[in-house]
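The structure under discussion appears below in the form of structure tokens.
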């Protein structure tokens, strides 16, 4: 009787170990799939950067939930472009347009717009994180129109591309902006758990 009970306990322990191993392998498989997907998308755009035409004359859209690496990837692309000798400028979206609004007060608006236009690669981070008012819409249209077909604009956003029209508000301006961005852009949609959340777990 004791032997039968012991065998049952051992079998139970073995089952638990097997189940634990299966779960670990499943998590690792999903993790590897996400990493491979992320690297594949990053390599696709980095490869395009090595051949600047037509990539350096088009828009890049990077979307995904918060913390998945949008800003990191956009910065990596900008860094790669710098290494290759291109002029790159990074802006937080809300800070850029706040600066442009203030520049109208001291008549330096056109100077700022011209500086942006001269960049080979412009990175706009956190697109759509804050409300886009009419003044911001017009400034964004001016920037996109000046750069369209001549240089690259990388836009990182938590908002899916199919929501950008609604985000931009006024239909005519939204149509004009998105017509110059969407149809010639490379799109990357990052997925997975927040990198900040993972780091916090690892620090516990």
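With respect to the conditions (1) modelled with pLDDT of 85 or more; (2) crowded, with 18+ Cβ neighbours inside 10 Å; (3) under 22 Å from the mean Cα position of the chain (by Cα), residue 192 lacks only one, and its number is (1). The set of residues in segment 99-112 being more than 21 Å from residue 152 (Cα to Cα) and in a helix (DSSP H, G or I) consists of 99, 101, 102, 103, 109.
Screening residue 132 with (1) surrounded by 13 or more Cβ atoms within 10 Å (Cβ to Cβ); (2) out of contact with any helix residue (DSSP H, G or I) (no Cβ under 7 Å at 6 or more places or on another chain); (3) assigned to a loop (DSSP other than H, G, I, E, B) gives one miss only, at (2).
Residue-by-condition table, conditions (1) modelled with pLDDT of 85 or more; (2) part of a loop (DSSP other than H, G, I, E, B); (3) over 15 Å from the mean Cα position of the chain (by Cα):
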{"position": "76", "(1), (2), (3)": "no, no, no"}
{"position": "94", "(1), (2), (3)": "yes, no, yes"}
{"position": "97", "(1), (2), (3)": "yes, no, yes"}
{"position": "127", "(1), (2), (3)": "yes, yes, no"}
{"position": "141", "(1), (2), (3)": "yes, no, yes"}
{"position": "145", "(1), (2), (3)": "yes, no, yes"}
{"position": "156", "(1), (2), (3)": "yes, no, no"}
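List pairs: first residue in segment 71-83 and over 19 Å from residue 159 (Cα atoms), second residue part of a helix (DSSP H, G or I) anywhere in the structure, Cβ distance under 8 angstrom, at least six positions apart or on different chains. Every condition considered, the pairs that remain are 76/42; 76/46; 77/45; 77/46; 77/49; 80/46; 80/49; 81/49.
Every residue, every condition in (1) out of contact with any strand residue (DSSP E or B) (no Cβ under 7 Å at 6 or more places or on another chain); (2) under 19 Å from residue 99 (Cβ atoms); (3) surrounded by 17 or more Cβ atoms within 10 Å (Cβ to Cβ), yes or no:
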residue	(1), (2), (3)
136	yes, yes, yes
141	yes, yes, yes
144	no, yes, yes
149	yes, no, no
165	yes, no, no
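Against the condition touching a strand residue (DSSP E or B) at 6+ places or on another chain (Cβ under 8 Å), within 22 Å of residue 119 (Cβ to Cβ), modelled with pLDDT under 85 and outside any loop (DSSP other than H, G, I, E, B), how does residue 180 come out, does it pass? Considered against the rule, which asks whether it is touching a strand residue (DSSP E or B) at 6+ places or on another chain (Cβ under 8 Å), within 22 Å of residue 119 (Cβ to Cβ), modelled with pLDDT under 85 and outside any loop (DSSP other than H, G, I, E, B), residue 180 comes out as no. Count of segment 113-129 residues, restricted to those that are surrounded by fewer than 17 Cβ atoms within 10 Å (Cβ to Cβ) and in contact with a helix residue (DSSP H, G or I) (Cβ under 8 Å, 6 or more places away or on another chain), is 3.
A Cβ distance below 9 Å, combined with a sequence gap of six or more or placement on separate chains, defines the contacts here; from segment 163-192, residues that are at positive phi and free of Cβ contacts under 8 Å to residues at least 40 places away in the same chain reach residues that are surrounded by 15 or more Cβ atoms within 10 Å (Cβ to Cβ) and part of a helix (DSSP H, G or I) in the pairs 169/137. Tallying residues that are at pLDDT below 70 and buried (at least 17 other Cβ atoms within 10 Å of the Cβ) within segment 53-66 yields 4.
The values are calculated or read from the model by the stated rules, or taken from the named source; none is laboratory data. Everything numeric in this text was worked out from a predicted model, so none of it was measured. Every residue, glycine as well, gets a Cβ built from its backbone with ideal geometry; the counts of neighbours run over all protein chains shown.
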